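Only the coordinates and a few stated rules stand behind these numbers; no lab work does. Note that this is a predicted model, so its numbers are computed, not measured. All Cβ positions, glycine included, derive from the backbone under ideal geometry; neighbour counts span all protein chains shown.
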Amino acid sequence: MPISRRAFHALCLVPGGIAALLAGLPQQASALEAADLAKPVSLPDVALGAASAPVTIIEYAAPTCPHCAAFDREVFPRLKAEYIDTGKVRYVFREFPLNIKDVACAMLARRIGNGDSGRYVAVIETMWREQDRLLEKTTDTLKLIGKQAGLSAQAVEDCLKDQVLLDKINADRRFASDVLKVEGTPTFFINGEMIVGEAAFEEFENKIKPLLKS
């Protein structure tokens with residue numbers, strides 16, 4: 001995989017490696033402020049729905065996470081149809097890489113999306129559908145996804161060598177860990193309230209409805 005040695009070590013792909021890395025960083029205040037959630041750090045947010053929606057759901061997810069794939073398959077379509085598309089919820093997707101393969105996926109999705117949130121989400125959803133293949137043959141699968149989006153194999157390789165983009169993804173991950181206390185995927189914030197792990201549609205609805213009345 002054409003990811004630099006620097007990136008590999010930055011993610012520490014050994015058990016406890018990321019925790020050890022983060023332990024050496026300056027500690028942030030433990031209180032979660034609305035401003036901490038609202039603003040993207042290094043990369044622009046991927047957002048669907050009305051910017052003026054009274055409820056914002058932020059999801060931290062990873063392409064190789066089976067629970068994220070299950071949420072996208074079983075819960076997200078209904079959430080989108082009933083709340084996002086109707087202007088009641090603004091949905092924000094943020095990357096939280098669990099391994100070097102997730103980093104490569106995020107880099108390619110950012111390159112293909114190129115500022116178009118709908119296009120970016122479509123790429124991530126393709127990765128979730130192809131998750132088994134992606135885990136087994138990562139480079140080949142990413143090149144295939146890139147080809148479907150109009151990128152040559154060389155363009156995909158060049159994307160995966162983009163150190164500036166890589167540094168931004170790593171910086172945003174550290175921010176999520178240090179400031180927002182995200183530890184795994186999926187993790188959701190509904191108007192600032194954290195939900196950890198895969199949740200049913202009804203759980204989201206029970207959180208959303210009172211916020212729409214307030």
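Some notes on this structure:
- Karplus-derived 3J(HN,Hα) values for the range 195-211, using 6.51 cos²θ - 1.76 cosθ + 1.60 with θ = phi - 60°, are 10, 9, x, 5, 9, 6, 4, 4, 5, 5, 4, 5, 7, 6, 4, x, 6 Hz; glycine and proline are entered as x.
- Shape of the range 5-208, Cα gyration tensor, a/c cut at 1.5: oblate
- Residue pairs exceeding 27 angstrom between C-alpha atoms, taken from Lys39/Lys88; Lys80/Lys207; Lys39/Lys80; Lys137/Lys207: Lys137/Lys207.
- If only the Cβ of Lys and Arg carry +1 and only the Cβ of Asp and Glu carry -1, the dipole of the range 5-208 around its Cα centre is close to 600 debye.
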